[in-house]
C-alpha cells in the first residue's frame, strides 16, 4: 500500500531524529507511536544532502533494497548508515546537521527485466520512475529513481552508470549474464534542514 503524506512525514521525522541523536551521541528519545505501515517489511533508503549556497550536494545515501525488516527498524538502521557513508572521508559531523536535508525513499520489490533482445533494455526504463539494480559477476549496484533525472542522464547512460557503480564494464547491461532489475520508490524529503516534508516527484 502507498504511504500517505502524513506517513511520509513521520518517516522523515524518524530518520532525522535518529541521525541527530547518533551524530550528537545522545539518546534519540521516546519513539512516537507509528501507523501500522511502519510494521510492514519494506525496502528503504535514506539520502542526506548538504545545502551549500542553495545547492544540494550528496552527503550520504544507504539503504535496504529488499524488505528484510519492518519499515521503522529499517529507517533507523539506514539513517545511521547514511550518516557514516563510507564513500565520504568522515561521518556527518554535529556542525553539519544544520545544513543537512533528509530524504526517505520507500521501495517496491525489484523485478527482473527480460527483454527479447538486450538492446531493447533502454526502452523498458522509465526515467524518474524506475530505480535500477545491476547485478553480475558477484557484485551489484543500485540507483534510486531520482538519480537519473537529477544527473540529466538518458536511458542508456543510466544503465551504463549503474554498471559502473556495480564495478562492471559500462556495456555489461548488454550481457545476458547481467541481471537488470527495476523498482519504484515513494520519496519524501525536507524542503530545508528540519523543514517541511513533502512528497518528492523525481521526474519533476
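The values are calculated or read from the model by the stated rules, or taken from the named source; none is laboratory data. Since the structure is predicted, the reported quantities are computational estimates derived from the model, not experimental observations. In this analysis, Cβ positions are derived from the backbone assuming ideal geometry, glycine residues included, and neighbour counts consider all displayed protein chains.
Worth pointing out:
- Candidate set from the stretch 63-76 (those that are assigned to a helix (DSSP H, G or I) and touching a residue at least 60 places away in the same chain (Cβ under 8 Å)); member that is surrounded by the fewest Cβ atoms within 10 Å (Cβ to Cβ): 76
- Whenever a residue of the stretch 175-199 is without any contact (Cβ under 8 Å) to a residue 60 or more places away in the chain, its partners that are crowded, with 19+ Cβ neighbours inside 10 Å and part of a loop (DSSP other than H, G, I, E, B), lying with C-beta atoms within less than 8 angstrom and at least six residues away or across chains, give the pairs 178/168.
- Only residues that are within 12 Å of the chain's Cα centre (by Cα) and in contact (Cβ under 8 Å) with a residue 60 or more places away in the chain were counted in the stretch 34-62, giving 5.
- One residue alone among 180, 132, 147 is within 13 Å of the chain's Cα centre (by Cα) and in a strand (DSSP E or B), and that residue is 132.
- The stretch 101-120, residues that are part of a loop (DSSP other than H, G, I, E, B) and either surrounded by 18 or more Cβ atoms within 10 Å (Cβ to Cβ) or in contact with a strand residue (DSSP E or B) (Cβ under 8 Å, 6 or more places away or on another chain) (or both): 108, 109, 110, 113
- Residue in the stretch 77-100 that is within 17 Å of the chain's Cα centre (by Cα), in a strand (DSSP E or B), within 22 Å of residue 201 (Cβ to Cβ) and in the same structural domain as residue 22 (by TED's automatic domain parsing) present: yes
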